[in-house]
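Participant: Below is a structure I'd like to ask you about.
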Amino acid sequence: GAGTDNDLYINQAIVFIEDAIQYRSINHRVDSKSLWLYRWYYSRTCQWILSLTITIILALAFIEEPSSLTVTSDVRYRLPAWNPPCGLTESIELLCFLVFVLDVSVKSYLIGWKEFWKNKWLMAYILTLIVSLADWIVSLSFFCKESVRIRRILRPFFLLQNSSMMKKTLKSINSTLPEMASVVLLLAVHLSLFTMFAMLLFARTKDNQQDKEWVVYFRNLPDSLTSLLVLLTTANNPDVMIPAYSKNRAYSIFFILFTVLGNLFLMNLLTAIIYNQFRGYLLKSVQSSLFRRRLGIRAAFEVLSSLKETPASAQQCCVSVGALVQVLQKAEMDSRCKQAIMRSLKMCSCDHLSAAQFQKLFEELDKDAIKQHPPSPEYQSHFMQKMQFAFGHPYFGYLGNVVALANIISICVVLVMDADKQLSERDDFFLGAINCFFILYYLLEMLLKILAMGLKRYLSYPSNRFDGLLTVILLILEIATFAVYGFPHPGWRPDFMGLLSLWDMVRLVNMLIVFRFLRIIPNMKFMALVVTTLLDLVKNLRAFAGILLVVFYAFAITGIMLFKGAAVPLGNTSKQFFILNFLIQAPFSIKKVVVLYFKEKNVISWCSAHFQAEFIYCLLYALSVHLICRWAKIYFVAWWLISSVIWVNLFVALLLENFIHKWDRRCQRESLSDIEYQRTVELMFRDVLEEPTEEELMEKLHQHPHLQLCR
């Protein structure tokens, strides 16, 4: 009936608008049952369960053998790690796999059979699940004693496929690889040519005393390549040139030319190419997201124009305002956008909307998120008005910054005076009295600002929330210190009482005071611009962090499998030996990858001289020469190329783009003190995006595999 059709059209419009908000594809089933399943799948509860499942399966690496769940990583004090019994982690894995099977089944059903064969990510998802389940069965058949677990390396894929922005970013990176490869090839040529020159320059001679450069760095082709590759990272500079430089100062020209050409020209050229190409590809990706949003809005208009209440005599398709209001009430969208669209509808004098009017209403989704601060209280008393003017003035904030700077300087002076004193000689009276005075001022300043601005307006500023929170914490710590140790007096000793000694309490208070000095950032425009750029990167570029997590996780798991058992503890022996405890600590914190034990004298002296500055170089040298084989270098070179060369340059490219965009907007936009603008990746490129045409939208809608339009 007509009522059933209208309900279907309303539900279709709701889903299409939600797709537009989230930049999702509209190529899915649109019948009543499928729409209900689709909304359930993308509900917060369902997506939260899926995210929790991904987190759990990634976190299993912490407790699986070899487990890293120990308090300390020092082999001298570390207790045996807890290794779960066979079947425990496997049972958790099986539950996660079942959730993933349900996830891929729902996705495949919703998009339909034809779209499934076009979706490479879904096919890769199914293949990953098949391989993981097969490896899980093999693991149980060997009673969890197998040395290689392929499914552990595949786990990051579940995180990757669940994020549309991560997939777009990965596609952009993949498109940028050819341009990157040209510069990397040029780097390889540069490295190869200088390797040949080095082997000719530092060839072996009859005088063994003059052959130190050849013995240590350029004995053969692999060692020469490794030495110059590490020099490209400046990790072994100037050590690699010291023997040759001691022999003849002219040899320094070789190393200077290599470093200048490699570091100053080729590496920076790589950064420039990555910035230029990756920005273009990311711009294309964001352009496709805009097209998806416009297509979703237009699809909602087309189905709403099919409602029976639409006047048949209309010259062109239109949508009634009442139908749109009904859709907006049921759609899941930001309350700010919904209220803005509702206000626009109330101001509209017509009862029906054309396609252009309908699309213009939803342009609210593309606007910056604006946060307006509550108004200040209005006092009737003339005295209170003067108080409000004085303590709400920016100069009062500047005075607080000066006081905070004076507090930092006084702490520095006291710490310098007490630096060489023993604990028994230290008198904390001056530091305690200074802290007491400044904390009381901070408390007074906070109360006066609340009086002038009102509590709601005061808390609406992030800088005030930061300032107020630290002030309250400082006050609580100071009260606790006085309660335990009494008020400051000459001879105030740091005796240990309670949980913390007096010196620990004073140090904690001083650290918070130093941290509180960051309040000056909002008052310095250029510094505030840099900080907001970094905060925007943290908030909005989660896709890059996710891909970085995937790379670190995969390399960490691969390193565990490759270097497991590479070195065996020597145990208690009377022979002198040196222990190097190497931990490959990725941001994902799979802590213990390999622990190396050496007693060879040459390794001891070489590594001890380079330990701090050349951690990776020392590890690469030890693994390849003394433990496994020279092919182990490939693992670390691949890690350096992906993490340091490619990924760092990608991050620099996005950092530059975000900073330049904010700089341009700062020059164009007037300073509005009561309004805060927040940016997203899509809004970063909003000024240069092209709007899709009417013909492009309609052509795409007519290609929809499950939606039949009347026109």
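Participant: What residue, of ILE150, ILE137, is at negative phi, open to solvent by 50 Å² or more (accessible area, probe 1.4 Å), modelled with pLDDT of 80 or more and under 30 Å from the mean Cα position of the chain (by Cα)? Steps first, answer last, please.
Facilitator: Values: ILE137 fails: under 30 Å from the mean Cα position of the chain (by Cα).
Within the list ILE150, ILE137, the selection yields ILE150.
Participant: Also, quick follow-up: On the basis of being over 30 Å from ARG29 (Cα atoms), modelled with pLDDT of 75 or more, out of contact with any helix residue (DSSP H, G or I) (no Cβ under 8 Å at 6 or more places or on another chain) and not assigned by the TED database to the domain that holds VAL230, does ILE642 make the cut?
Facilitator: Numbers: over 30 Å from ARG29 (Cα atoms): yes; modelled with pLDDT of 75 or more: yes; out of contact with any helix residue (DSSP H, G or I) (no Cβ under 8 Å at 6 or more places or on another chain): no; not assigned by the TED database to the domain that holds VAL230: yes.
So ILE642 does not fit the description; no.
Participant: Of the residues that make up the range 390-399, is at least one out of contact with any Gly (no Cβ under 8 Å at 6 or more places or on another chain), within 17 Å of GLY454 (Cβ to Cβ), part of a helix (DSSP H, G or I) and aliphatic (A, V, I, L, M)?
Facilitator: Checking the range 390-399: at least one residue is out of contact with any Gly (no Cβ under 8 Å at 6 or more places or on another chain), within 17 Å of GLY454 (Cβ to Cβ), part of a helix (DSSP H, G or I) and aliphatic (A, V, I, L, M).
Participant: Something else: Pairs needed: first member in the range 242-260, in the same structural domain as MET196 (by the TED database); second member anywhere, open to solvent by 90 Å² or more (accessible area, probe 1.4 Å); C-beta distance under 7 Å; at least 6 residues apart or different chains.
Facilitator: Cβ pairs passing all conditions: PRO243/LYS212; PHE254/PHE197.
Participant: Please go through the range 91-148 and pick out each residue that is touching a Ser or Thr at 6+ places or on another chain (Cβ under 7 Å), without any contact (Cβ under 8 Å) to a residue 12 or more places away in the chain and part of a helix (DSSP H, G or I).
Facilitator: Result: PHE116, single match.
Participant: In the list TYR485, TYR441, which residue meets the criterion of being among the hydroxyl-bearing types (Ser, Thr, Tyr), modelled with pLDDT under 80 and surrounded by 14 or more Cβ atoms within 10 Å (Cβ to Cβ)?
Facilitator: Numbers: TYR441 fails: modelled with pLDDT under 80.
The match here is TYR485.
Participant: Looking only at the range 417-438, how many residues end up being modelled with pLDDT under 80 and in a helix (DSSP H, G or I)? Let's see the steps before the verdict.
Facilitator: Going residue by residue through the range 417-438, those that are modelled with pLDDT under 80 are 417-432, 435.
Among the residues that remain, those that are also in a helix (DSSP H, G or I) are: 417, 429-432, 435.
Here the count works out to 6.
Participant: Next up: Go through (1) closer than 30 Å to GLN380 by Cα; (2) open to solvent by 50 Å² or more (accessible area, probe 1.4 Å); (3) in contact (Cβ under 8 Å) with a residue 60 or more places away in the chain and name the single condition LEU405 misses.
Facilitator: Against the list (1) closer than 30 Å to GLN380 by Cα; (2) open to solvent by 50 Å² or more (accessible area, probe 1.4 Å); (3) in contact (Cβ under 8 Å) with a residue 60 or more places away in the chain, LEU405 comes up short only on (1).
Participant: Looking at GLN372, GLN339, GLN329, GLN385 in this structure, which one is closer than 30 Å to LEU451 by Cβ, open to solvent by 80 Å² or more (accessible area, probe 1.4 Å) and free of Cβ contacts under 8 Å to residues at least 12 places away in the same chain?
Facilitator: On the way: GLN372 fails: free of Cβ contacts under 8 Å to residues at least 12 places away in the same chain; GLN339 fails: closer than 30 Å to LEU451 by Cβ; GLN329 fails: closer than 30 Å to LEU451 by Cβ.
It is GLN385.
Participant: Another question, then. Pick out the one residue from LEU257, LEU186 that is at pLDDT 85 or above, open to solvent by 20 Å² or more (accessible area, probe 1.4 Å) and more than 20 Å from SER644 (Cβ to Cβ).
Facilitator: One residue alone meets the criteria, LEU257.
Participant: So, one more: Quick one: count up the residues across the range 323-362 that are under 24 Å from PRO692 (Cβ atoms), part of a helix (DSSP H, G or I) and of a type in the set (Ser, Thr, Tyr).
Facilitator: Qualifying residue count for the region: 1.
Participant: Find the residue count for the range 304-321, including only residues that are open to solvent by 100 Å² or more (accessible area, probe 1.4 Å) and at pLDDT below 65. Full working, then the answer.
Facilitator: Narrowing the range 304-321 to residues open to solvent by 100 Å² or more (accessible area, probe 1.4 Å): 308-309, 312-313, 315-316.
Restricting the remaining residues to those that are at pLDDT below 65 gives 308-309, 312-313, 315.
Residues in the range 304-321 being open to solvent by 100 Å² or more (accessible area, probe 1.4 Å) and at pLDDT below 65: 5 in total.
Participant: Something else: What tally of residues in the range 454-468 results from selecting those that are out of contact with any Lys or Arg (no Cβ under 8 Å at 6 or more places or on another chain) and open to solvent by less than 30 Å² (accessible area, probe 1.4 Å)?
Facilitator: Here the count works out to 2.
Participant: Can you say whether ASP211 is buried (at least 18 other Cβ atoms within 10 Å of the Cβ) and without any contact (Cβ under 8 Å) to a residue 24 or more places away in the chain, as far as the supplied structure shows?
Facilitator: yes
Matching residues to (1) open to solvent by 20 Å² or more (accessible area, probe 1.4 Å); (2) modelled with pLDDT of 65 or more; (3) not assigned by the TED database to the domain that holds GLY559:
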{"residue": "LEU627", "(1), (2), (3)": "yes, no, no"}
{"residue": "TYR635", "(1), (2), (3)": "yes, yes, no"}
{"residue": "LEU650", "(1), (2), (3)": "no, yes, no"}
{"residue": "LEU654", "(1), (2), (3)": "no, yes, no"}
{"residue": "CYS667", "(1), (2), (3)": "yes, no, no"}
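The values are calculated or read from the model by the stated rules, or taken from the named source; none is laboratory data. Quick caveat, the model's predicted, so the values are computed rather than measured. Quick reminder, even Gly has a Cβ in these numbers, built from the backbone with ideal geometry, and neighbours come from all protein chains shown. Only protein heavy atoms, including side chains, enter the accessible area calculation; ligands, DNA and RNA are left aside. Shrake-Rupley method; radii C 1.70, N 1.55, O 1.52, S 1.80 Å.
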